[in-house]
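Here's the structure, in C-alpha cells; my notes come after.
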Amino acid sequence: MATIVVEVMLKPEILDPQGQAVASALPRLGFTFAQSVRQGKRFEITVAGDPTPAQLAEVEKAAETLLSNPVIETFVVKVEK
Amino acid sequence: MATIVVEVMLKPEILDPQGQAVASALPRLGFTFAQSVRQGKRFEITVAGDPTPAQLAEVEKAAETLLSNPVIETFVVKVEK
Amino acid sequence: MSLDTVAVATANPDALQPYEQLGLKADEYASIKQILGRRPTSSELAMYSVMWSEHCSYKSSKVHLKQFGEKAPHSDALLVGIGENAGVVDIGQGYAVTFKIESHNHPSFVEPYQGAATGVGGIVRDILTMGARPIAIMDPLRFGLADAKDTRRVLPGIVSGVGGYGNCLGVPNIGGEVVFDETYAGNPLVNALCVGVMRHEDIKLAKAHGTGNLVVLFGAKTGGDGIGGVSVLASETFNDAKPTKRPSVQVGDPFAEKVLIECCLEIFKADLVVGIQDLGGAGLSCATSELASAGSGGMEIQLEKVPLRDPSLSPEEILMSESQERMCAIVEPSNIKHFMAICKKWDVTATVIGEVTDGTNLHITFNGELIVDVPPRTVAHDGPIYNRPIEKPTYIAERQSAKINVPLPSSPAEIKAAVLTLVASPNIADKSWVTSQYDRYVQGNSVLSQPEDSGMVRIDAKTNLGVAISTDVNARWAYLDPYEGAKLALLESCRNIATTGAKPLAVTNCLNFGSPEDPGVMWQFAEAVRGLADICLEMGLPVTGGNVSFYNQTGSVAILPTPVIGVLGVIQDVRTRTKMGLAKSGLEIYLLGRADANLSGSEWAYLHNEIGNFAPKADVAMETRLVNLLLEGQPLFESAHDISNGGLAAALTEIVLKNKIGAEITIDDVGVALMSETPGQVLIAVDPKSSHELIALAETHKIECRKIGISGGDALTINGAAIPLAELSQAHTETFPKLFG
Amino acid sequence: MRIGVVTFPGSLDDHSALRAIELAGGEPVSLFHGSTDLKEVQAVVLPGGFSYGDYLRCGAISRFSPIMESIIIAAEHGFPVLGICNGFQILCESHLLPGALTRNSDLHFICDDQKVAVENIKTPWTAGYTQGQEIVIPIKNGEGSFQCSDETLAELEAESRVVLRYVGKNPNGSRNSIAGISNKQGNVVGVMPHPEQAIEELTGPGDEGLIFFSSILKEMVGR
Ligand SMILES: Nc1ncnc2c1ncn2[C@@H]1O[C@H](COP(=O)(O)OP(=O)(O)O)[C@@H](O)[C@H]1O
Ligand SMILES: [Mg+2]
C-alpha cells in the first residue's frame, strides 16, 4: 500500500482570496513570518501495492481532468513512502 | 526567499465528504487506481531568506492555532527551497 | 523600460500600433488619431479599444436602444433613467429603488463557477454605486440540453457560483429561471439581476465635479485580471517579446465585496462622496473616463499610486485591469480623513490616485510622465455607432408555412401519462436542486421567493411597503417572432407581478443575442427592441436600464433570441401578497383567460421536437384588464398562479404540490387546455363564499372566468385521471437530482 | 434587557438577530468585532454569515477577534451566549463548545425549511420550548455537518447537551443528527439552523424561532 499525493495550487497569477485571508490574519495574531500565503488542496490517494508507472500516468490524467481545474490551477503528483 | 509548507489533513476518524466524492467520481471516469481518497489543505507560505528555527517554531504555532483545527485535523510543517 | 508617453507619440507619429489585435477597425483607429491630432499612446490605444468595444460602447445596439428614450411613456416614478449605472424609481414613502440586470455569459462558459460568481458581484456593485443597499438577487439562466455532458460541467458550476457569491454577500436570491435548449450549448446565459433600496436623498451619480476634489480608488488591489488582449501592447510596444502571464479567468472575492458594501453604505450615510463609480468592464479606463465626462471633464490621475496585486503590470494593463471588488469615488478634500477612517474600520484599502481639475482633458501620468491626454467624452461616449445591416432571416417564412402536429391527450390514461411526462421534463421539473443552494432568507425581508410567480421583499418593516420582481421570456416565441416575443415577455412579467399582488412600475432588460454581424440576428434584435419599446409605451412602464449581450453563438448557429425582461412592481402592504400554493381543501379553483389551439413555442410541442409556426400575438388591452382584475381581486384570492411554461398542466402541478393539497379538475377541450401556453391565463383559488364576487369582477373587466375544480384530497385529478400526489411529486422532483447528483 | 449581537466582517444575519431581540421585547445592542467592549449587555448572540469569508475554516479567524476575548472570559463565568450557524462555528473554534462543523455531506450549500426537535430546554435560550417540541426553522449553510470524537459524542448525549436535533432525513451528515449543542453549564448554546429567520410568518417558514429570544429575556429577569 502506498500513498500518491496530488497537490493542487491556484496559478500564481490567479487571485487567492483564501490565502489572502490567512496572510492578513497572521500578523493580527502576532505572527510576522509570512510575506505571502497561498492556499491549495492536497489529495492523499491510497493505492494497493507500489504504484506502477502506468498507474502514475493514470493519476496524472485524473489530476488534470478531475482533481484540478486547468483553467486556474496547477498540480503536482508525488509518491509518498 | 523560501517556502514553508503546511499540510493540513482531517484526522482519519473524521468523515471526509470531499475525499469521498472524489473517490466515487474516479471510477465513473474510468480511473480504478484509488482504494481511498482524503482531501486536505496545503498552505504555501513565502518567507524572506532561509527559515530560522525560531521562525519554524512560529509556523508550528500558527499551524496549530490558526491553520488547523486540532479537534478534527492534523498538520505537518515542511520547508521547500 | 521605455514608456510610450504623449511626447513619444508626438515625436514618433508613424510607429506601428497593434490596433487590430485590440479589436479596432482601421477607420476606428483613424478616428482616434483624428480626435487626438496625433497617434494615441499605447495607454490611450488600450483605453479607446476597450471603451469602443461592443461590450462597453453598445455600438451595434445604440441606434435601436434609443427607442426606449423616444417612445418612453411619461412616468412620475422615474428618478434616474437610462445612462447611469442603474435606473432608479420612486416607490413612495421616500424610498427609491434601483434595479438592473446584466449578463456574464461567456466567462461562465469558460469557468462556470467564477464566471457566474463575478457576474453576481458585478451587478451588485452597479446597484451599490447608485447609493443603495442591495436587497435581492435573481438569476435567469439558460443551458444546453439537460442531459448533455457539458451541461453537467456548466450547470452545477454556475449554480454554485451564483450561490457561492450571493450567499457570502448576504443578499437573498428570490428568483430566476433555469431553461434548457440545445442552442445554449457552448453559450450558456448567466443573467443576474439585483435590486437595491435607498432614501431619495441618498441617490449617488457617477460624476466628477469640483476642481480639487480627490479621486479615490478603494477596495481590492489591482491584478492582471481581464486584460488578456491588452498584453499585446506590452510585447509590441516594448521589444522584449516575452509576454507576461496574465490570468485567463477573473476570480471573485465575495468577502471583499461584502465589506466593500458595508464600507460604502457607511460612507454614503456620512455623505462623503461627490460622485462614485464601480469598476467593472474596462476597469479604471471606464471609471475615470465616465466620471470625468459626466462631470466637467478635467481629471488628473497618477497611475503609479494604484495599489497592485501584481507588481509586473504595465501602465496599459493597470488601466485595463478588470480586477473585481473595486470602486472609485470623488471626495472633497475636507472629507478625505473621515472617508479613510471608514475604509480603515472595514479594512478596505483606499488610495488617493488623483484629482478633479478645471481642464477639459483626462490626464494620466505614470511616475510623472504624461501617458494619457484625452477628452474623456471621446473615450466614454463618442465611440463608433453602427447601423448594421438587417435582414429578415429565411427561417421565419419556413416556420410560418410549417404544419405542426403534436398529439394531445384526451383519455384519462393519456392525460395522466402526458402530465407526468411534461412535469418531469427538465424545463418544467422542480428547480429546488438549484434554488436550495441559494440563501433566500438572509436580511429577513423575503416575503416571496422561488417557486412563486415573483420574488417579493419587504422594504419597510413598519409600513410593510414592498417590491416584487419577476424576470421572463419564452425565447421560442422570440425565435418565431422577436417583436411579439419581447412583448409577450414583458406581459408575462407584469402578470407575474400582479398575480402576487403588486403593481408593475418599471422595466429592465437583458438582451441576449447571437452575432450582430449576422443580418438575421440583427433583425431579431431590432424587432425585439421595437417590440419592447412599443409594449412599454402601451403599458406606461419606463425602461430604466439594461444590458446587451451579443456574440452568443457557436459557428453560424446563434442562440434563440433571448430578451430577458425584468419587471419591478410595488405592493403597499406585503402582508396582503398572494401565494401560489393551494392553501386548504374546499377552495374553488377558477381559470381566468382561455387557451387556444396554437401550441407553437410550448413545452409540449418542444417535447415532440416541434417549435411551431406563429407565436401568439400580444393582447395588450386584455392583459391590462387582467392585471387590473388581479390587483382589484387580490383580497378575494386564497391563492393565485400564472400559467406560462408548461401550460395549465404544469400550473396545476405546482399549486397542488406546494402544500401537498390535491385538486379535482374538470375542463373541456382538455388536451388544449392542459398543454397550450396561450398568454393571459391565471389560476385563482377562492373560498366558495367569494366566488360570485370573483365572477362579477371578471365580468367587469371582461375577462373570461370559469370554475374548473375544487381543492382537496391527495391526488391531482383531471377529467377522471387521478394522479396521486406522491407520484406527481416524484416525477416533478427527481429530474434534477438524477441529472446533476 | 440588553442583548448584544456581534458584527464580524462578513456577518450577514446580524440585523435579523437584532430584530428578533426587538420583536421578543428586548433591547438589541450592536457590538463590533474590533472592540473588547460588551457595552453592558446581559447576553450575546453570535450571528450567522460568512465571517472573513469563511475562507480558512468557518469561524477560524473571527475566533481571534478582540470581542471574542471578552466573550470567552464572560462565557466561562456563566454569561449566556448563543451562536447561530457561523456563530456556532465560531464557538467551536473558540473551544467554548466541543466538536466542529464540517462540509455538508452532499458538498452543497443547503437552504431549506428544516424540522428540528428541541431536546434540551434547560438552557436559557430554549427554556420557553416544551421538551421534545418540534419546530420548523431555516437551515442555510455549506458547512453544517457536526463532527466530534466518539467520547465527545457519548458525553454530549449522556449529559443531555444536544439542544436541537434534525427530525427526519439528516440533511448534512451531522453525527447523531445533531443540529445544536450546549456547553456543560448550559449557558453557551450553538445551533446550525436559524431561529432568527423564523420570527414572523411573513418572512420565514413560521415564527417558532422567536422563542429562543423570548426565552433568554424571561430567564434574565430572574437573575
Ligand atoms: N437593453 C437595454 N435596455 C435599456 N438600457 C440599456 C440596455 N442596454 C444597455 N442599457 C443602458 O445603457 C447604459 C450603458 O451604460 P454602461 O455603463 O456601458 O452599462 P454597463 O454598466 O452595463 O456596462 C446603461 O445605463 C444601461 O442601463
Ligand atoms: Mg456600470
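The values are calculated or read from the model by the stated rules, or taken from the named source; none is laboratory data. Fair warning: this is a prediction, and the values are worked out from it, not measured in the lab. All Cβ positions, glycine included, derive from the backbone under ideal geometry; neighbour counts span all protein chains shown.
Numbers for the structure displayed
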{"item": "Qualifying residue in the range C:128-136 (condition: within 11 Å of ligand 1 (Cβ to nearest atom) and in a helix (DSSP H, G or I))", "result": "yes"}
{"item": "Filtered residues of the range A:28-59 (kept if of a type in the set (Gly, Ala, Ser) and facing chain B (nearest Cβ under 7 Å))", "result": "A:34, A:36, A:40, A:48"}
{"item": "Options C:556, C:549, C:600, C:585: the member that is in contact (Cβ under 8 Å) with a residue 12 or more places away in the chain, away from ligand 1 (no atom under 16 Å from the Cβ), farther than 24 Å from residue C:647 by Cα and more than 14 Å from every other protein chain (Cβ to nearest Cβ)", "result": "C:556"}
{"item": "Residue under evaluation residue C:106, criteria (1) out of contact with any Ser or Thr (no Cβ under 9 Å at 6 or more places or on another chain); (2) within 14 Å of chain A (Cβ to nearest Cβ); (3) within 16 Å of ligand 1 (Cβ to nearest atom), criterion not met", "result": "(1)"}
{"item": "Of the criteria (1) more than 16 Å from ligand 1 (Cβ to nearest atom); (2) among the small types (Gly, Ala, Ser); (3) touching a helix residue (DSSP H, G or I) at 6+ places or on another chain (Cβ under 8 Å); (4) at positive phi, which one residue C:161 fails", "result": "(4)"}
{"item": "The range C:693-740, residues that are hydroxyl-bearing (Ser, Thr, Tyr) and either closer than 30 Å to residue C:156 by Cβ or in a helix (DSSP H, G or I) (or both)", "result": "C:700, C:729, C:733, C:735"}
{"item": "Every residue from the range D:42-61 that is crowded, with 23+ Cβ neighbours inside 10 Å, away from chain C (no Cβ under 12 Å) and not charged (D, E, K, R)", "result": "D:43, D:44, D:45, D:46, D:59, D:60"}
{"item": "Among residues of the range C:616-643, those that are touching a strand residue (DSSP E or B) at 6+ places or on another chain (Cβ under 7 Å) and either in a loop (DSSP other than H, G, I, E, B) or at pLDDT below 95 (or both), counted", "result": "1"}
{"item": "Filter result for the condition that a residue is in contact with a strand residue (DSSP E or B) (Cβ under 9 Å, 6 or more places away or on another chain), among the hydroxyl-bearing types (Ser, Thr, Tyr) and under 20 Å from residue C:429 (Cα atoms), over C:733, C:717, C:666", "result": "C:717"}
{"item": "Residue in the range C:341-361 that is without any contact (Cβ under 8 Å) to a residue 24 or more places away in the chain, within 14 Å of another protein chain (Cβ to nearest Cβ) and of a type outside the set (Val, Ile, Thr) present", "result": "yes"}
{"item": "Subset of the range D:72-96 (residues that are of a type outside the set (Gly, Ala, Ser), under 14 Å from the mean Cα position of the chain (by Cα) and either within 14 Å of chain C (Cβ to nearest Cβ) or part of a helix (DSSP H, G or I) (or both))", "result": "D:84, D:85, D:86, D:88, D:89, D:90, D:91, D:92, D:93"}
{"item": "Helices (runs of 4 or more DSSP H) completely within the range C:402-488 that count 3 or more residues being modelled with pLDDT of 95 or more and more than 13 Å from chain D (Cβ to nearest Cβ)", "result": "C:412-424, C:475-480"}
{"item": "Unique match (being away from ligand 2 (no atom under 16 Å from the Cβ) and outside any loop (DSSP other than H, G, I, E, B)) among C:46, C:15", "result": "C:46"}
{"item": "Which numbered condition residue C:648 fails, given (1) outside any strand (DSSP E or B); (2) hydrophobic (A, V, I, L, M, F, W, C); (3) over 18 Å from residue C:425 (Cα atoms)", "result": "(3)"}
{"item": "Criterion (away from ligand 2 (no atom under 16 Å from the Cβ) and closer than 30 Å to residue C:130 by Cβ) met by exactly one of C:571, C:589", "result": "C:571"}
{"item": "Number of the exception - residue C:392 against (1) farther than 30 Å from residue C:601 by Cα; (2) touching a Gly at 6+ places or on another chain (Cβ under 8 Å); (3) outside any helix (DSSP H, G or I)", "result": "(1)"}
{"item": "Which numbered condition residue C:179 fails, given (1) farther than 18 Å from residue C:443 by Cα; (2) within 16 Å of the chain's Cα centre (by Cα); (3) buried (at least 24 other Cβ atoms within 10 Å of the Cβ)", "result": "(3)"}
{"item": "Out of A:58, A:7, sole residue that is under 13 Å from the mean Cα position of the chain (by Cα) and buried (at least 18 other Cβ atoms within 10 Å of the Cβ)", "result": "A:7"}
{"item": "Filtered residues of the range C:188-219 (kept if modelled with pLDDT under 95, in contact with a helix residue (DSSP H, G or I) (Cβ under 8 Å, 6 or more places away or on another chain) and within 27 Å of residue C:138 (Cα to Cα))", "result": "C:202, C:204, C:205, C:206"}
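Matching residues to (1) under 19 Å from residue C:596 (Cα atoms); (2) aliphatic (A, V, I, L, M); (3) in contact (Cβ under 8 Å) with a residue 40 or more places away in the chain:
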{"residue": "C:644", "(1), (2), (3)": "yes, no, yes"}
{"residue": "C:672", "(1), (2), (3)": "yes, yes, yes"}
{"residue": "C:677", "(1), (2), (3)": "yes, no, yes"}
{"residue": "C:699", "(1), (2), (3)": "no, no, no"}
{"residue": "C:715", "(1), (2), (3)": "no, yes, yes"}
{"residue": "C:718", "(1), (2), (3)": "yes, yes, yes"}
{"residue": "C:721", "(1), (2), (3)": "no, yes, yes"}
